[in-house]
1. Can you sort C:His103, A:His239 by how many other beta carbons sit within 10 Å, fewest first?
2. For C:Thr61, what is the net charge nearby, where nearby means another residue's Cβ is under 14 Å from its Cβ and Lys, Arg count +1, Asp, Glu -1?
3. Rounded, prolate or oblate: which fits chain D when a ≥ b ≥ c are the square roots of the eigenvalues of the alpha-carbon gyration tensor, with rounded for a/c under 1.5 and prolate only if a/b beats b/c?
4. Taking only C-alpha pairs under 8 Å that are 6+ residues apart, what is the relative contact order of chain A in percent?
5. In nm, one decimal, shortest first: how far is the label point of C:Lys285 (7 Å from Cα along Cα to beta carbon) from the matching points in the other copies?
6. Calculate the length of the line joining the C-alpha centroid of the range C:73-138 to that of the range C:248-291, in whole Å.
7. Just B:Gly14, B:Gly191, B:Gly220 to compare: in a GNM of chain B, with alpha carbon springs under 10 Å, which one fluctuates most?
8. With +1 assigned to the C-beta of every Lys and Arg and -1 to the C-beta of every Asp and Glu, and no other charges, what is the dipole magnitude of the protein assembly as shown about the Cα centre in debye, to the nearest 20?
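Read the figures in this text as sums done on the coordinates, not as results from a lab. Values in this document were obtained by computation on a predicted structure and should not be read as measured data. Cβ sites come from the backbone with ideal geometry, for glycine too, and all protein chains shown count toward neighbours.
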There are 4 protein chains.
Amino acid sequence: MNSFGRIFRISIFGESHGALVGICIDGCRQGIKLCENDFLHDIQRRKSGKQGTTLRIESDTPQIVSGVFNGFTTGSPITILFKNQNINSEDYLQFKTQPRPNHADFVAMKKFYGFNDYRGSGHFSGRLTLPLVAAGVIAKKNIPEININAKIIKVGGETDIDKTVESAISNGDSLGGIIECVAKNIPVGLGEPFFDSVESQIAHLAFSIPAIKGIEFGAGFSSANMRGSEHNDIIINEHGKTATNNAGGVVGGITNGNDLIFRVAVKPTSSIMKNQQTFDFENQKISDLKIHGRHDACIALRIPVIIEAITAIALADFILLKR
Amino acid sequence: MNSFGRIFRISIFGESHGALVGICIDGCRQGIKLCENDFLHDIQRRKSGKQGTTLRIESDTPQIVSGVFNGFTTGSPITILFKNQNINSEDYLQFKTQPRPNHADFVAMKKFYGFNDYRGSGHFSGRLTLPLVAAGVIAKKNIPEININAKIIKVGGETDIDKTVESAISNGDSLGGIIECVAKNIPVGLGEPFFDSVESQIAHLAFSIPAIKGIEFGAGFSSANMRGSEHNDIIINEHGKTATNNAGGVVGGITNGNDLIFRVAVKPTSSIMKNQQTFDFENQKISDLKIHGRHDACIALRIPVIIEAITAIALADFILLKR
Amino acid sequence: MNSFGRIFRISIFGESHGALVGICIDGCRQGIKLCENDFLHDIQRRKSGKQGTTLRIESDTPQIVSGVFNGFTTGSPITILFKNQNINSEDYLQFKTQPRPNHADFVAMKKFYGFNDYRGSGHFSGRLTLPLVAAGVIAKKNIPEININAKIIKVGGETDIDKTVESAISNGDSLGGIIECVAKNIPVGLGEPFFDSVESQIAHLAFSIPAIKGIEFGAGFSSANMRGSEHNDIIINEHGKTATNNAGGVVGGITNGNDLIFRVAVKPTSSIMKNQQTFDFENQKISDLKIHGRHDACIALRIPVIIEAITAIALADFILLKR
Amino acid sequence: MNSFGRIFRISIFGESHGALVGICIDGCRQGIKLCENDFLHDIQRRKSGKQGTTLRIESDTPQIVSGVFNGFTTGSPITILFKNQNINSEDYLQFKTQPRPNHADFVAMKKFYGFNDYRGSGHFSGRLTLPLVAAGVIAKKNIPEININAKIIKVGGETDIDKTVESAISNGDSLGGIIECVAKNIPVGLGEPFFDSVESQIAHLAFSIPAIKGIEFGAGFSSANMRGSEHNDIIINEHGKTATNNAGGVVGGITNGNDLIFRVAVKPTSSIMKNQQTFDFENQKISDLKIHGRHDACIALRIPVIIEAITAIALADFILLKR
C-alpha cells in the first residue's frame, strides 16, 4: 500500500517527527551516474522559506545508502534517507482530542486505533513528499529524453500570485492553487487501454500527494462543455501530431506523441492562524481550536516539483515497461 | 495491465467485434446469492437506445461460466461472458489509413504494430465497460451496506439535458457531460496515505473508462479558489460528521465517514456525423473524413452506471482489505 | 490469487464440472501466429487414455475467444476456454460428509464454508491444468529460442515404468513419480537475487500443480550430502559454461547460461480403488470409504507437459521482463 | 522484484559492504509491542562464531527507524536498518576477473553489465538474510498463536554434526545440510488452489535464501516412491486431524490443520579453502583460484532461523489475508 509501480517501483516510509523519512526504489536500471548532489536542485525547489511557505526549515540532506557504487546505480534497490531534525512535537498533543479540520488527525486515530504517530501528522505528513522528490530525480535520469515542467498557474483563483498570498497571510488564512504540468518528447504508445491508462497511473500518484483534490488532462473539465467538433484534435502529420491538444496527449489511455498536459487542484492549507471550530473528544462538544506554529499559507507553491516527480515516476515505469 | 485490485481483483478481456467480451473476478467472498438476472438492471441502465445514444442495440446477455454453484458464489474466480452479436465490421477498415481524431485508431496501430483488432476499436472499445458493469453488480453485493448513486448533472455545460442533446443531434455533433457520484454509509478508515488513497484508487479506475478526462473530489477544482477558512469542514460530532463536505468524504487519503462525493468530466463522443479532417496515411496528406454508422451523440448519458460500478469495485476492495 | 506473473500474466478460472475451465493471458506480445490447432500437440500429451490414466476422456477442445485477430496475437489479453462435457457429478456428493484422504474435500469445505463446487473437486481439480497447458503453448511461442523438455524418470521408485504401473493397477492402488525438466539455450542473467529468483518463480508455479510435493534444482537434495569441492561447478569458458551442472543452471537466483535442470516429486494419486478409511462427518466417526469411478493410477504420467508449461510461463515472464 | 507479499509485504535493500542492509515491512498491524531488543534472540541464532561458521563477526545491531511509536507498531511501514562495520573489501577485486564457482560473481557481472557492487557479493550477499530474520521476528509477533521451529537434521549426509564439520574444516572443504521446519497450531484453510498455494508461497521465499537448492513438503520426494494406500493420511476426527502426515499439513494447496512440515536442502558453502579452478577472464583461460579470508564451512548451520523467518512471513501474510 506504500508501494507503487510495475518495473520502476517505489516504497515510501517514515514519519514527520520520527528518525527519518525515506524511499526505496527498485527497478532503476544500472549504470546511471548518481550522487547526493544530484538531488539538491529539486529538493531546493520543494523547500519552504519563500513567502507563503512555512518558516520551519529542514536541512533536507539526502543520504544514498544502497544501490549506488562507485558513483553509478548498480541495478539493485536504491534507498535514500532524510533524517529529521527541526522537530517540535509538543504542539501536536492537543490534536488527539481536538482533531484539526481537513487534517488526517481524526481518520488516522480511527484507522490505527490510536497507535499512529500523531506528531507532525506522522506518516501522513507532507514531509513524505521529500523522498518522492528524490525518487523523481532518479526517474528523470531514467528517461533523460523526456522534458517535464510543472508550474503554478493560479493561486486562490488569481494569477497575481504574490499579492494574493500576501493578502491571505495578513488575514491569517490560507490559499489553494492550480498547477499545470507539461511533458514533452513523449513517445507514442505508452499506457494500456484497461486499467493502466497513462491518466490512471498519473492520477493514482497525484492523489497520493496530500492536498490534491482534482486532476484533469488536456481540456479536462472544459471538455464536458464542448461539442465534438470543437474538441476533436485533427491529426496533421504521419507522427500523429495534432492541430490542437484537447486530449492532453493521451487517447484511449495511450500517449499519442503530443505533449502530455494535465492540471491538478490543490486545496488551501488546512492549518490556518484564524480561529476555527472542531469537535472536542475529551469534552464531547464542539469547541474553539487555535492552531499555533509555523505553516504554509499556500502549500501549492511547493508542489510543482512534486508533480514533476510523480510524472517522471509514472513515465519511467511506462517507458521501462515498453523497452 | 488488464487487471486491477488487491483483494477484489478484476481482469478484463475481449474485443468489440470478436467472439465476446468478459471479465474474471477473483476475491469475491463465497456465499453471495447470484444469478444472471441480477445483472439486468444495471446492464439496462448502460444500454443505448435512448435519445442521444446509438441505435446499434446489443442483447447484452450475461453468462456466468465459473465461480457460482447452486445459486451462490463459491469463493473461486467468477467469470462472466457477453457474446458479441450485432456486428458490422466493414465500416472500420478505412480507419486503418484514416485514423479518427481522438479515437484510439492511431495509437493502437502504433502500439501494437498493426496487429490490433481494429474492428469497432477492438479491445479499446467502450463495449468493454459492459463487463465492468457486471463486476460492479458483484462488487455492490459484497458491500450491501453502502449506497452508491451516480447521475448526470450537466451535458454540454447545460442542465436542460434533453434540449441540449436534441440540438447537438440536429447539428450532427456530439456533447460532453459531467457525472456526479455519491456513496453513502461509508465507514471511517478506508484507504492508505501512500499510495493507495481512496482518491488514487477511484481515479485509477475512472480513467480506465473511455472518454473520462477529469476527476475531482468534494469541492475539487473549486478548492483551488477557496481560502482555508471557507474550505475547512468543521467536525461536529464524535462520529466525525462535518458541517460541510468540501473534502468529499476523504481526508489524508482516508474516508472520514461522510459521504464520498466526486465528479468526472466526460469528453464529447469523438465520432460525429459532421465532416472532419485527419491525416490520410495512404496518401500522406490531410484529407476529409466522414464517419458513417450509428454513434452515441452523448456517451456521457450511458456512463453513470459505469461510474457506480468502478466506485463499488474500489470500495469492495478497500472494505475486503480492511476486514 | 488465481493470477501469476509480472509481464506475462495468467489468470485461471473454472470448475471441473461447471460450464468450462479457462485462462486469460495478459502481456503476450503482438504478432505471434496462433490458432487453435497449435494447442493440440501439448493437449494430447496431457490426455488420459493411456495405461495408468483414467478412462474418462474429455474432448479438450480449445476455443480462443479474445486476443487473436486474423491469425495473430494482438497484444490484448488472450482468453482460451475449454467446455466441460464428460461429466458425471453424482459420484461426488458422498465426499461432502466423507472427505477423501489427501483430496481437497475437507479443506475446501472449511475454507469456503460449504459453498465450494465440490463436484469433481471443483476449482481444485486437476482439470484446471488444461488451461495451464494452453498458456504454456503460448509462452513457448514467446520464447521460441528456448527448448524445454520434461519427462518422467521414475514411477513408484522404479525406472521400469510399464511394469510398475501394471502391478499397482492390479492391486487397486496408485503410484507417485519423479519428473525431470531440462531447458536449453537459456540466456545468462534471468532472475533476481531477492525475491524473484528463477528457482522461486518456477517453484511457485510448480506447487500450483496438484500433487507436486517437492522440487529440487541441479543436484538438489544430493547437494546436502556433498562437500564444496565436489559440488562446485568449474567455469570453463567465457560464456560461463561449467564442467558440471550441480547448480542446475541457476546461481544466486540468476541463470548462468547452462541448462536449467530441475526435478519434481509427484505424490501417488489420492483416489484409489482399495478400501480406505476417513472421518464420517454425518455419523461423527471413522468409517470405511470406497471410491468408485475412473481415476488415474499414476497421475505423474500426465504431468510432464504441465511442467513444461509452467517452465515456459516462468521463463517467458523473465525474458519479457529483461527485454 | 525485491519485494514480496500481498498484505504483509517486505522490501529488502542494501549491500554487504555498502553503508547498510535493511528491510521495509508494510502491512504489519498496529498495536504490537516492539523494540530493538526483540530482535536479538533470533539475530543471535543467525550469528557466526560457532564451529563451522565464519570468524568475521558483525555487531548486527538493529535500528528501527520508522513505523514504531511509543513502543508499539503504528500500522505504517516499519523500516529496520543494520549498519555494516566489519568490512574488508580488498579481497573481492580478483573475483571480477576470476569469478568464484557457484557464487554470483559471473551472473551479477553479466546481469548488471559490470555496475554491480561486487564487494562481499554486494546485494547477493547472505548478509541480506539478516533483515529477513528481523522481518521474521515481526511476522512471528503478528501470529503469536503459531509455533514455528526449524532445526538442522543432517550435515553432509550425517547426523553427527560436530564430527562431520570438524572433518570438513580440517580438509579446507565445506558441507551442505538438511533443515526441517515444523509449524504447529495452523488454522485450516490458509492458501489458495491456484497460484498461491501454501507450498508455492513458502517455496518462493525459501528459494530467495542463498544456497537453498531443494524443498519438499511432508513425505516430499519419498512420496514419489510410495503407493497411494501408504501415502494417504486417514482423517480421524472432525477437526481434520490425520493419522499420518505425509501431506505435511497442506492438501490442495490449503492448510488442513495438521502440522506444517517441510525440509530444505542447503548446498555446501561455495567458498572453500582448497584450491579450485575457474575461468580467468583477463587471461582468457582456465586457471587456479585460491579463496582467502574467513568463510562458513557449513552455512546450513546458520540457516534454521532464516527458514523460520520466511515461514513466519508467509504465514503472517496468509493469516492477515484470511482475517
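1. On the way: C:His103 21, A:His239 13.
Going from sparsest to densest Cβ surroundings: A:His239, C:His103.
2. Working: positive: C:Arg46, C:Lys47, C:Lys83, C:Arg127; negative: C:Glu36, C:Asp38, C:Asp42, C:Glu58, C:Asp60.
Charge balance in the 14 Å sphere: -1.
3. Values: a/c = 1.96, a/b = 1.32, b/c = 1.49.
The shape class here is oblate.
4. Numbers: 675 pairs, mean separation 75.5, N = 323.
Dividing the mean separation by the residue count of chain A yields 23 percent.
5. 7.1, 8.3, 9.6
6. 16
7. B:Gly220
8. Values: 136 positive and 128 negative charges, 0 e Å.
Computed charge dipole of the protein assembly as shown: roughly 0 debye.
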